[in-house]
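S.K.: Got a structure for you, written out below as structure tokens; questions coming shortly.
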Amino acid sequence: MKRILVTGGAGFIGSHLCGRLLEAGNEVICLDNFFTGSRQNIYPYLNNPNFELVRHDITKEYFAEVDYIYNLACPASPPHYQYNAIKTIKTSILGVMNMLGLAKRCKARILQASTSEVYGNPKIHPQTEDYWGNVNPIGIRSCYDEGKRCAETLMMDYHRQNNVDIRIVRIFNTYGPNMAQNDGRVVSNFILQALKDEDITIYGDGSQTRSFCYVDDLIDGMIKMMESSCIGPVNLGNPSEFTILEFAKLVLKLTNSKSNIVYKPLPSDDPEQRKPDITLACKELDWAPKVSLEEGLLKTIKYFKELI
Ligand code: NAD
Ligand code: UDP
């Protein structure tokens, strides 16, 4: 049994992670400022004696004796991280420094939830971990992308300079139950629009690609990474790649929806393509995603149907 701090534990991915860590018999401290997370997501754990909920913002110092830290605190959807861009970058820099300071003080192992956004609008396809990326430092996505890049730098420097035991995973587009209704990312937007027979809003012409990973697969990979000796960065994602138009058509089919597809302007710096090379995760973690897009979408559609 370990005492594990999960920052951002009331969010989409964090809530699944808390559940899995509790199931495995660990003590979990879920720390969250509830900017995008919700009590609803962690409701099933509130009466578990091994679960503790702390309302706290990681841009302020936090002290606890823990063995592991999973640092997930950070809004992840473009509308949410752009809502208060300065706060987003503070979360990735001041917040990560606070968590690294905590890891150093109590000799905890710390895993940073980094992102495929560190590759920006990638010129190498699929993306391998040794690719340094193509990121606009002054655009509307920069508060998130550059924040996450700086967070990786801080992780590596605390490791080299202070011997902090680190792990870095670069998460590619992940979806599943517990995504917020107002999340604004493509999976929740399209499913909700389809279920309500509202127009499906494709940004741009729909030729941009993404690769979608079901949340259960991602959690397997994150836990394997924490337990492995590899510090990373390691890509975690599903390598099956779809255009956004193909994705919209699949959602329409699986929901039996009467919605029409409409086209809206493409936001600036929206990456044209994204697909993880997961060779390193296969080799180091013996990990590969198992859930197909159709199977994962059906579970996510069921979740949103019950929610609305
Ligand atoms: P989410 O928005 O659902 O969860 C983020 C959680 O962090 C929320 O509960 C939010 O309230 C909390 N939070 C935000 N700022 C905080 C702060 N300053 N202090 C304390 N708590 C704070 O997003 P998610 O999809 O679950 O993403 C979780 C992590 O995984 C993020 O770090 C994100 O960058 C990373 N990630 C996610 C994806 C994805 O596709 N879901 C892809 C790449 C990386
Ligand atoms: N997108 C879209 N319609 C929406 C929401 C998103 O066409 O209602 C597009 C978006 O422009 C991007 C892709 O879907 O090209 C994935 O967007 P998301 O916000 O989910 O994540 P990103 O990978 O861009 O961070």
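Every read-out reported here was derived from the displayed coordinates using simple, explicitly stated rules and does not represent laboratory data. All values derive from a computational prediction rather than experimental measurement. A quick note on method: Cβ atoms are made from the backbone with ideal geometry, for glycine too, and the neighbour counts reach across all protein chains shown.
S.K.: Can you pull out the trypsin sites (Lys or Arg not before Pro) in the stretch 73-116 whose DSSP state is coil and whose Cβ has at most 12 other Cβ atoms within 10 Å?
M.R.: LYS107
S.K.: Kindly give the semi-axes, whole Å and largest first, of the ellipsoid equivalent to the stretch 132-216, taking each as the square root of 5 times a Cα gyration tensor eigenvalue.
M.R.: Over the Cα atoms of the stretch 132-216, the semi-axes work out to 33, 17, 11 Å.
S.K.: Moving on to the next point. Using Cα atoms only, what is the angle between the long axis of helix 186-195 and the major principal axis of the chain, expressed in degrees (0 to 90) to the nearest 10?
M.R.: With rounding to tens, the tilt is 50 degrees.
S.K.: Something else about it: Can you spot the lysines whose alpha carbon is less than 27 Å from LYS258's alpha carbon? Ignore those fewer than 8 places along the same chain.
M.R.: Counting by Cα, and skipping residues close in sequence, LYS258 has these lysines nearby: LYS196, LYS249, LYS299, LYS302, LYS305.
S.K.: Mind pulling the angle between the C-alpha long axis of helix 293-307 and the longest principal axis of the chain? Nearest 10 degrees, somewhere in 0 to 90.
M.R.: 90 degrees
S.K.: Continuing with this model, one more query. How large is ³J(HN,Hα) for each residue in the stretch 205-211, as worked out from phi by the Karplus curve 6.51 cos²θ - 1.76 cosθ + 1.60 (θ = phi - 60°), to whole Hz, x for Gly and Pro?
M.R.: These are the phi-based 3J(HN,Hα) values: 9, x, 8, 5, 10, 9, 10 Hz.
S.K.: Using the Cα gyration tensor of the stretch 31-85, with a ≥ b ≥ c the square roots of its eigenvalues, what is the shape: rounded (a/c below 1.5), prolate (a/b larger than b/c) or oblate (neither)?
M.R.: The shape class here is oblate.
S.K.: Which value in deg cm²/dmol, rounded to the nearest 500, describes the helix-derived mean residue ellipticity at 222 nm for the chain, given -39,500 (n - 2.57) per DSSP H run of n ≥ 4 and division by the residue count?
M.R.: -12500 deg cm²/dmol
S.K.: Right, next: Quick one: Karplus J couplings for the stretch 157-174, per residue in order, coefficients 6.51, -1.76, 1.60, θ = phi - 60°, nearest Hz, x for Gly and Pro?
M.R.: Running phi through 6.51 cos²θ - 1.76 cosθ + 1.60 with θ = phi - 60° gives 6, 5, 5, 5, 8, 10, 6, 5, 7, 10, 9, 10, 10, 9, 8, 9, 2, 10 Hz.
S.K.: If you count, for each residue, the other Cβ atoms within 10 Å and average over each peptide, how do 291-302, 66-77, 40-51 line up from highest to lowest?
M.R.: Ranking the peptides 291-302, 66-77, 40-51 by packing returns 66-77, 291-302, 40-51.
S.K.: Excluding residues fewer than 8 places away in the same chain, name every one of the lysines whose C-alpha is closer than 18 Å to that of LYS87.
M.R.: Output for LYS87: LYS60, LYS148.
S.K.: Now for a different question. Against the longest principal axis of the chain, how steep is helix 85-106, in degrees 0 to 90 to the nearest 10, with axes from Cα atoms?
M.R.: Helix 85-106 sits roughly 30 degrees off the main axis of the chain.
S.K.: Is the stretch 48-198 rounded, prolate or oblate when judged by the Cα gyration tensor, a ≥ b ≥ c being the square roots of its eigenvalues, rounded requiring a/c under 1.5 and prolate requiring a/b larger than b/c?
M.R.: The shape class here is oblate.
S.K.: Can you sort ILE110, ILE202 from fewest to most other Cβ atoms within 10 Å of each residue's own Cβ?
M.R.: Least to most surrounded, the residues fall as ILE202, ILE110.
S.K.: Find how much the distance from SER228 to GLU246 grows on full extension, using 0.36 nm per residue of separation minus their present alpha carbon separation; answer in nm with one decimal.
M.R.: 2.9 nm
S.K.: Further question on the same structure: Cut-off is 10 Å between beta-carbons; in what order do HIS16, HIS56 appear when sorted fewest neighbours first?
M.R.: Neighbour counts put them in this order, fewest first: HIS56, HIS16.
S.K.: Would you please classify the overall shape of the chain from the alpha carbon gyration tensor, given that a ≥ b ≥ c denote the square roots of the eigenvalues, rounded means a/c under 1.5, and beyond that prolate means a/b larger than b/c while oblate covers the rest?
M.R.: Because a/c hits 1.5 or more and a/b exceeds b/c, the chain counts as prolate.
S.K.: Determine, from the Cβ-Cβ distance of CYS150 and LYS283 and an R0 of 30 Å, the FRET efficiency 1/(1 + (r/R0)^6), rounded to the nearest 0.05.
M.R.: Efficiency computed from Cβ-Cβ geometry: 0.60.
S.K.: Right, here's the next one. Whole Å is fine, so just give me how far the alpha carbon centre of the stretch 289-303 lies from that of the stretch 222-256.
M.R.: 11 Å
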